[in-house]
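Okay, so here's the structure we're looking at.
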Amino acid sequence: MTTDVLRLAQETAEREPCVLATVVWRRAPSSGAVGGKALITADGTVRGWLGGACAEPAVVREAMAALREGTPRLMFLGPAEELEERRRDGMVSVPIACQSDGALEIYLEPMMPKPHLVAVGRSPAAAALAEMAPGLGWRADLVDDPDLAAAGAGEGSYVVVATQGHYDEEALERALAVRPAYVGLVASRKRAEAVLGYLRQRGAAEEDLARVRAPAGLDLGRVAPHEIAVAILAEIVALRAAGELPAGADQAAAPPPAEAVDPVCGMTVDLATARHRLERDGVVLAFCSAGCMAAYEADHPAPAPETA
């Protein structure tokens with residue numbers, strides 16, 4: 001199982017953000033096991049096994065926070081009375097296991113996809129881009145086709161059109177349609193203006209055309225194809241460092257869900273998935289387990305119905 005989860009994590013991280021969760025400590029009778037692993041994707045899906053019904057929602061919630069912040073974290077999940085003594089720098093403490101003395105420590109490691117560059121065309125500049133990008137740790141696809149679907153271009157990709165006039169207009173139009181994080185056109189300034197003018201006449205929105213880096217890359221004057229590629233990669237790196245490239249919808253973690261606090265054990269409960277609910281005076285109460293709900297009902301019985 002551990003090997004399967006690790007393999008799945010490596011495959012998933014090639015195309016979308018995910019979190020690898022590993023149990024690093026446990027106390028019986030927790031159902032988790034030391035070394036147990038699970039993969040949590042950006043939509044909250046869990047593959048693998050970490051623990052029971054109390055542990056999993058808390059881990060998913062913290063995994064989404066790890067993705068949004070891009071930082072790993074260590075979690076302690078156990079009885080509420082142990083939270084203070086277990087809390088230390090960098091550890092997130094969460095109360096769970098209302099009916100058990102079991103506890104877990106779980107390490108959450110965000111895994112982000114490699115930046116994805118798509119070079120369009122069969123020009124020397126396109127080939128140089130595809131050759132150099134892996135040196136930065138990026139994935140690179142070189143395509144000689146205006147249809148970018150085969151290269152998997154999406155909102156998080158960096159698309160550079162370098163067809164040298166063969167089909168600049170069509171390739172750029174297709175590139176804008178997938179709304180990549182970066183879109184550049186390798187052309188002279190005069191040629192770039194002509195291409196953008198053609199797309200404007202075809203009804204392209206000004207806000208889309210404004211996103212095109214044309215000519216693409218830092219201005220180095222007349223340089224060789226490999227130097228053009230360096231200038232473009234440097235521009236992308238600079239924009240990334242300045243936080244000016246959108247991450248893309250496919251890079252984002254799910255937004256924080258609506259939550260409630262279990263009034264018995266203090267555990268945070270996802271309202272959308274809570275199985276155990278009660279309504280008191282028009283207020284919906286959510287519980288982490290049937291045991292907590294039963295305990296609350298015992299201490300707070302529902303008022304008797306009024307009689308005529």
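Here are the numbers:
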read-out: The stretch 123-214, dipole about Cα centre (Lys/Arg Cβ +1, Asp/Glu Cβ -1), debye to the nearest 20; value: 320
read-out: Förster-model FRET efficiency, 22 Å R0, Asp147 and Arg211, C-beta, rounded to 0.05; value: 0.65
read-out: In degrees, nearest ten, helix 189-201 long axis to first principal axis of the chain (Cα); value: 60
read-out: Within the chain, longest stretch clear of exposed GluC sites (Glu not before Pro) (DSSP loop, no more than 10 other Cβ within 10 Å); value: 1-243
read-out: Table column - 3J(HN,Hα) (Hz), the stretch 222-233, Karplus curve with 6.51, -1.76, 1.60, x for Gly and Pro; value: 7, 9, 6, x, 5, 6, 4, 4, 4, 4, 6, 4
read-out: Distance between modelled label sites at Thr3 and Tyr198, nm, 7 Å Cα→Cβ extension; value: 5.4
read-out: Between the stretch 105-173 and the stretch 219-235, the alpha-carbon center distance in angstrom; value: 16
read-out: Portion, in percent, of the accessible area of the stretch 35-161 that falls on carbon or sulfur, probe 1.4 Å; value: 48
read-out: Percent RCO, i.e. relative contact order, over the stretch 169-236, from Cα pairs under 8 Å lying at least 6 residues apart; value: 33
read-out: For the chain, built as a Gaussian network whose Cα springs stay under 10 Å, the top-fluctuating residue of Asp208, Asp141, Asp262; value: Asp208
read-out: Angstrom value of the Kirkwood radius, inverse mean 1/r, which spans all Cα pairs in the chain; value: 22.6
read-out: Cut-off under 5 Å, modelled amide H: who pairs with Ala33 long-range; value: none
read-out: Other-chain or far-sequence residues with amide H under 5 Å of Ala187's (modelled H); value: Ala216
read-out: Estimated vicinal HN-Hα couplings, Hz - the stretch 30-45 in sequence order (Karplus 6.51, -1.76, 1.60; Gly, Pro = x); value: 4, 7, x, 10, 4, x, x, 10, 9, 9, 10, 8, 5, 8, x, 6
read-out: On Cα atoms only, tilt of 2-13 relative to the major axis of the chain in degrees; value: 40
read-out: Placed amide H near Val92: partners under 5 Å, 5+ positions off or other chain; value: Leu74, Met75, Phe76
read-out: Inter-probe distance in nm under a simple model that places probes 7 Å from Cα toward Cβ, at Thr273 and Glu11; value: 2.2
read-out: Helix 290-299 axis, angle to the chain major axis (alpha carbon atoms, nearest 10°); value: 50
read-out: Solvent-accessible area per residue for the chain (1.4 angstrom probe, square angstrom); value: 51
read-out: Of Gly36, Gly243, Gly121, the one that fluctuates the most in a GNM where the chain has Cα springs shorter than 10 Å; value: Gly243
read-out: Cut-off 15 Å, label 7 Å out along Cα→Cβ of Leu239, residues of the stretch 155-180 by amide N; value: 155-162, 172-173, 175-180
read-out: Farthest toward positive dipole pole in the chain [+1 Lys/Arg, -1 Asp/Glu at C-beta], among Leu185, Trp49, Ala13; value: Leu185
read-out: Loop sites in the stretch 82-147: trypsin sites (Lys or Arg not before Pro), DSSP, at most 13 other Cβ within 10 Å; value: Arg87, Arg88
read-out: J(HN,Hα) series, the stretch 157-165, from Karplus relation 6.51 cos²θ - 1.76 cosθ + 1.60, nearest Hz, glycine and proline x; value: 7, 10, 10, 10, 8, 9, 8, 6, x
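The values are calculated or read from the model by the stated rules, or taken from the named source; none is laboratory data. This structure is a prediction, so every number in the text was calculated from the model and none was measured. Neighbour counts run over all protein chains shown; Cβ positions are idealised from the backbone, glycine included. Ligands, DNA and RNA are stripped out before the accessible areas are found, and what is left, the full protein with its side chains, is counted by its heavy atoms. Shrake-Rupley method; radii C 1.70, N 1.55, O 1.52, S 1.80 Å.
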